[in-house]
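Coordinate-derived values only; no laboratory data. Keep in mind that this is a model prediction, so the values were computed, not measured. Cβ sites come from the backbone with ideal geometry, for glycine too, and all protein chains shown count toward neighbours.
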Amino acid sequence: MDKSLLKYFDMAYFIRFLIIFLVLYFFHLFYYGITTPAGMFYSSFLEQHLNYINWVKSSILYGSNILAHILGFPTHIEGQLTLKVSNRPGVNLNFACLGLGISSFWIAFITAHSSSWQKRIYWCLAGVIAIWLINCIRITTLLISMEKNWSDIKYIDHHDMFNIASYILIFILIYLYNKAGNMQAHAVTN
């Protein structure tokens, strides 16, 4: 790499980010595999007592259920992964719908920085909660669209829309994070 470009690119940060992201991303996949009965290395103890993936899934379903009730739709959760209105088809929430990859990206971006651990925890939580909220809104909107028979958009599905909305949110949060860091650095130099 040209030395003039290296002053604009922090290779150490990039390597930290990449390692953290890959560890988180593949850990989610691995954990999903060991907490799924059909998985190769299934652990009934982890599935029943430490299944954070089901906790995330349940929180999104319950959050979406509350949002739908606020909007006047009598929804209920059926089983462990479906949000429904009456006996009509519902929205199934699977592993791919949880936003764990996008959350891993955000957490890796923040934790790869060399800021205080309090600041990193604050920003990680803010981003993960915002991604969770967007996901709840997506599930609620999808259920309402099924209930109201809205026509499908032929060229993009709700997973892509969620990803686009999440990455727009992440870019806004990155801007705010960098702006807060610049304001703090400016305050220290004055």
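For the chain, restrict the atom set to alpha-carbon positions and state the Rg and Dmax in Å.
Computed over the Cα atoms of the chain, radius of gyration and Dmax are 19.8, 64 Å.
Between Q118 and I34, how high is the FRET efficiency from 1/(1 + (r/R0)^6) when r is the Cβ-Cβ distance and R₀ = 41 Å? Nearest 0.05. Intermediate values should be presented prior to the final figure.
Numbers: r = 32 Å, r/R0 = 0.79.
Taking R0 as 41 Å, the efficiency between Q118 and I34 is 0.80.
Given a cut-off of 31 Å, name the pairs among K57/K148; K57/K179; K148/K179 whose C-alpha atoms lie farther apart than that in the structure shown.
On the way: K57/K148 24 Å; K57/K179 33 Å; K148/K179 42 Å.
Listed pairs above 31 Å: K57/K179; K148/K179.
To the nearest 20 debye, what charge dipole does the stretch 52-184 have about its Cα centre, counting +1 at the Cβ of each Lys and Arg and -1 at the Cβ of each Asp and Glu?
Values: 9 positive and 5 negative charges, 52 e Å.
In total the dipole reaches around 240 debye.
Please compute the volume of the convex hull spanned by the alpha-carbon atoms of the stretch 1-105 and report it per residue in Å³.
Details: hull volume 16.6 nm³, N = 105.
Given the Cα convex hull of the stretch 1-105, per-residue volume reads 158 Å³.
Take the chain, connect every pair of alpha-carbon atoms lying under 10 Å apart with a spring to form a Gaussian network, then pick out the residue of A130, A112, A180 with the largest mean-square fluctuation.
A180
If the elastic network links every pair of Cα atoms under 10 Å, which of R138, R16, R88 fluctuates the most in the Gaussian network model of the chain?
The residue with the greatest mean-square fluctuation here is R88.
Going by the alpha-carbon gyration tensor, a ≥ b ≥ c the square roots of its eigenvalues, is the stretch 84-145 rounded (a/c under 1.5) or, if a/c is not under 1.5, prolate (a/b greater than b/c) versus oblate? Could the numbers behind the result be given before it?
Values: a/c = 4.70, a/b = 3.03, b/c = 1.55.
Note, shape of the stretch 84-145 comes out prolate.
For every helix of n ≥ 4 consecutive DSSP H residues, a contribution of -39,500 (n - 2.57) applies; sum these over the chain, divide by its total residues, and give [θ] at 222 nm rounded to the nearest 500 deg cm²/dmol. Mind dumping the intermediate values first?
Numbers: 7 runs with 128 residues, N = 190.
The helix-only estimate for the chain comes to -23000 deg cm²/dmol at 222 nm.
Determine the sum of side-chain charges near I168: Lys and Arg each +1, Asp and Glu each -1, restricted to other residues whose C-beta is under 14 angstrom from that of I168. Kindly include the intermediate steps, with their values, before the conclusion.
Numbers: positive: R138; negative: D160.
Within the 14 Å Cβ shell, the charges total 0.
Tell me, what is the percent relative contact order of the chain, built from C-alpha pairs under 8 Å that lie six or more residues apart? Could you put the intermediate results ahead of the total?
Values: 158 pairs, mean separation 37.9, N = 190.
Contact order relative to length: 20 percent.
Identify, among I60, I19, F171, the residue whose Cα sits farthest towards the positive end of the charge dipole of the chain, taking +1 on the Cβ of Lys and Arg and -1 on the Cβ of Asp and Glu, with the dipole about the Cα centre.
Positive-most Cα among the choices belongs to F171.
With angles folded into 0 to 90 degrees, how steeply does helix 52-70 sit against the dominant principal axis of the chain? Use alpha carbons for both and round to 10.
That helix lies at roughly 70 degrees to the long axis.
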